[in-house]
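Visitor: Sharing a structure here in structure tokens format.
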Amino acid sequence: MMIRILMFAPLLTMSVLVGSCADPAATEALRIDVERLRARVDEGKKERIKYGEGSVLNLLVSMRVASDEHTLAMLEQKSAALRWYPRFTYTVDGQTWKPPADTEVQLRVLEVELVKAQSEARAERARAARMGGLIGMIAQMNAELKAMPVAQLEYQMMALRHGYPIYLTPKPSFEELKK
Amino acid sequence: MPARPLQIAPARRLALIALLVCAACNRPDEAVIPTEPATFDRIKSDIDRLSTVDREALMRYMVRTRVSTIPGGRVVLQPGTTIRQAIDAQRSFEAEQQAKEAAAVALKEKIELERTDRRKALDNAVQVVLLSFRYAPSDFELRRYSNTVQIELGIENKTDRNIAGIQGITVFRDLFGNEMRRVRLRYDKGVTAGKTVTWRGSIDVNQFDDKDRALSQLEPATVKFAFEPDMIVFRDGTSLKVEP
């Protein structure tokens, strides 16, 4: 029994040390964003129930929720990585990924664009809420279309803020290009 | 063999000292901003050495090189622009914007003041009171084909000029001050200076509208009435007007 404890003691110490190496501010910022995104995903799912399956509105809300879920998954992955392996890196096209040199500028630009997109989406929703019937449906579709860029911008912002690559699809290989 | 102390030639020593002095004197705001975003980290250490205020101004300038919510606020980053030039440009842009905003606020206040004065003049020119309020259901024998609320208004010309017509909004509220209905009033029969006239009219009641039904059920004695004039035309051709 004693031997077993002695065997595991260094492992335990290492994991505690590694855990304590994580940047507390970054971990906290991640935690806040994860919670916010989780709430948004739940909210989107609740909203989706209102529209019949297969309807355009259901599809549009689903797309927005999928985008938010993608962001959430990346944040959760980053959060787990920070907790257990602070020197975690991403590899893109076989190379270690580094955040862009002008991350701060890009983040601020995205903030401006996000505020604009959010206000447009809010205005469109308010407009849709005042309408009914077929015109109301079209207005709601417009509102959902306006909400889509918000989710996409949020994804880009989270990627820059928490340091993970934005790339969505891998580049085609040489063989694929030849075809 | 005895160890030889490290010797530096006097000229080299001077050059080294000059280099160190230059490095120490090097001001961060003299660095040139790269136009290529990928090489932005070349000035990262310079940006870190800036004061918080300068750093924020530079960042706002950099954002403006890519996006701007203000029309005409977008700026092109010219090759060779230094951090100091960018900060100064941002400061002057912000000062200009502040001046514009201040001018806009002043203009708004002036217009508001003028509007208040005109409203006051309008309110002082006439007084409209509700003399009677009575619900009249449809009655085919009396050739009244819809439910109506019959009202009688008293209009007093408080000016020393003859009024040709009055236009404004009549507001009906219940005992608790809840607004029940707003109806536009256009009176063009004229009111002699200092005199009073009465006007009879009716408001159609839509039986499918909750507020209309509530209006028709109001106890006449509890109806609170207000008149918001927006235009008075005098016989002499002049007028008092305020946008509704």
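What follows draws every value from the coordinates through simple rules; no lab data is involved. Just so you know, these numbers come straight off a predicted model, no measurement behind them. Glycine also receives a Cβ, built like all others from the backbone with ideal geometry; neighbour counts cover every protein chain displayed.
Visitor: What do you get for Rg/Rh over the stretch B:121-241 if you use C-alpha atoms and the Kirkwood form of Rh?
Guide: Rg/Rh: 1.02.
Visitor: Considering all projection directions equally, how large on average is the shadow of the alpha-carbon convex hull of the stretch A:36-179, in square nanometres?
Guide: Projected over every direction and averaged, the Cα hull of the stretch A:36-179 covers 11.8 nm².
Visitor: With a cut-off of 17 Å, note down the residues of the stretch A:86-118 whose backbone N falls inside the zone around a label point 7 Å from the Cα of B:Ser68 toward its beta carbon.
Guide: What the label zone holds, given the 17 Å backbone N cut-off, is A:109-110, A:112-113.
Visitor: Still on this model: Report the calculated FRET efficiency for B:Arg161 and B:Trp199 (r = Cβ-Cβ distance, R0 = 22 Å), to the nearest 0.05.
Guide: E(calc), rounded to 0.05, equals 0.65.
Visitor: What are the equivalent ellipsoid semi-axes of the stretch B:27-81, built from the alpha-carbon gyration tensor (square roots of five times its eigenvalues), in whole angstrom, biggest first?
Guide: Equivalent ellipsoid semi-axes, largest first: 20, 14, 9 Å.
Visitor: Let me ask something additional. Top mean-square fluctuation among B:Lys195, B:Lys44, B:Lys120, Gaussian network model of chain B, C-alpha springs under 10 Å?
Guide: Looking only at B:Lys195, B:Lys44, B:Lys120, the largest GNM fluctuation is found for B:Lys44.
Visitor: Assuming R0 = 51 Å, can you tell me the calculated FRET efficiency for the pair B:Gln150 and A:Ala129, based on Cβ-Cβ distance, to the nearest 0.05?
Guide: Rounded to the nearest 0.05, the efficiency is 0.85.
Visitor: Take every residue in peptide B:42-52, count the Cβ atoms of other chains within 10 Å of its Cβ, and give the average of those counts.
Guide: For this peptide, the per-residue mean of nearby foreign Cβ atoms is 1.
Visitor: What do you get for the angle between helix B:10-25 and the principal long axis of chain B? Use alpha-carbon atoms, 0 to 90 degrees, nearest ten.
Guide: With rounding to tens, the tilt is 10 degrees.
Visitor: Taking a temperature of 20 °C and a viscosity of 1.002 mPa s, what whole-number D in µm²/s does Stokes-Einstein yield for the stretch B:74-192 with Rh from Kirkwood over alpha carbon pairs?
Guide: Translational D for this selection: 105 µm²/s.
Visitor: Relative to the first principal axis of the alpha-carbon coordinates of chain B, what is the inclination of helix B:83-125, with its axis defined by its Cα atoms, in degrees from 0 to 90 and to the nearest 10?
Guide: Taking Cα atoms only, the helix is inclined about 10 degrees.
Visitor: Have a look at B:Ala86, B:Ala106, B:Ala11 and tell me which one the Gaussian network model of chain B (Cα, springs below 10 Å) gives the largest fluctuation.
Guide: B:Ala11
Visitor: Please give the residues of the stretch B:29-47, grouped as numeric ranges, whose backbone N is less than 11 Å from a label point set 7 Å along the Cα-to-Cβ vector of B:Val76.
Guide: No residue qualifies, since no backbone N sits under 11 Å from the label point.
Visitor: Please check which bits of the stretch B:187-220 a label hung off B:Leu131 would reach, taking the label as a point 7 Å along Cα-to-C-beta and the cut-off as backbone N under 11 Å.
Guide: Answer for the stretch B:187-220: B:196-201.
Visitor: Can you tell me what percent of all Cα-Cα pairs in chain B are more than 30 Å apart?
Guide: For chain B, the fraction of Cα-Cα distances above 30 Å is 61 percent.
Visitor: Cα gyration tensor of the stretch B:176-236, axes a ≥ b ≥ c as square roots of the eigenvalues: rounded (a/c below 1.5), prolate (a/b > b/c) or oblate?
Guide: prolate
Visitor: Stick to the Cα atoms of the protein assembly as shown, pair each with every other, and give me the Kirkwood hydrodynamic radius in Å at one decimal.
Guide: 30.3
Visitor: Of the options B:Thr159, B:Thr69, B:Val105, report the single residue whose Cα projects farthest towards the positive end of the charge dipole of chain B (beta-carbon charges: Lys, Arg +1; Asp, Glu -1).
Guide: About the Cα centre, the residue reaching furthest to the positive side is B:Thr69.
Visitor: Here is a follow-up. Between A:Leu145 and B:Ala11, what FRET efficiency comes out of the Förster formula 1/(1 + (r/R0)^6) with R0 = 56 Å and r the beta carbon distance, rounded to 0.05?
Guide: With R0 = 56 Å, the Cβ-Cβ based efficiency is 0.20.
Visitor: Let me ask something else. Per-residue Cβ counts within 10 Å, from other chains only, averaged over A:100-113: what number is that?
Guide: 6
Visitor: Using the crude model of +1 on Lys and Arg Cβ and -1 on Asp and Glu Cβ, and no other charge, please compute the dipole size for chain B relative to its Cα centre, in debye to 20.
Guide: Roughly 700 debye for chain B.
Visitor: Here's something else I'd like to know. Per-residue counts of other Cβ atoms within 10 Å, averaged by peptide: what ranking do you get for A:77-90, A:100-113, B:65-78, highest first?
Guide: A:100-113, A:77-90, B:65-78
Visitor: Using +1 at the C-beta of Lys and Arg and -1 at the C-beta of Asp and Glu, which of B:Leu58, B:Phe40, B:Val197 has the Cα lying farthest in the positive direction of the dipole of the protein assembly as shown?
Guide: B:Phe40
Visitor: To the nearest 20 Debye, how big is the dipole of the protein assembly as shown about its Cα centre, given +1 on the beta carbon of each Lys and Arg and -1 on that of each Asp and Glu?
Guide: For this selection, approximately 460 debye.
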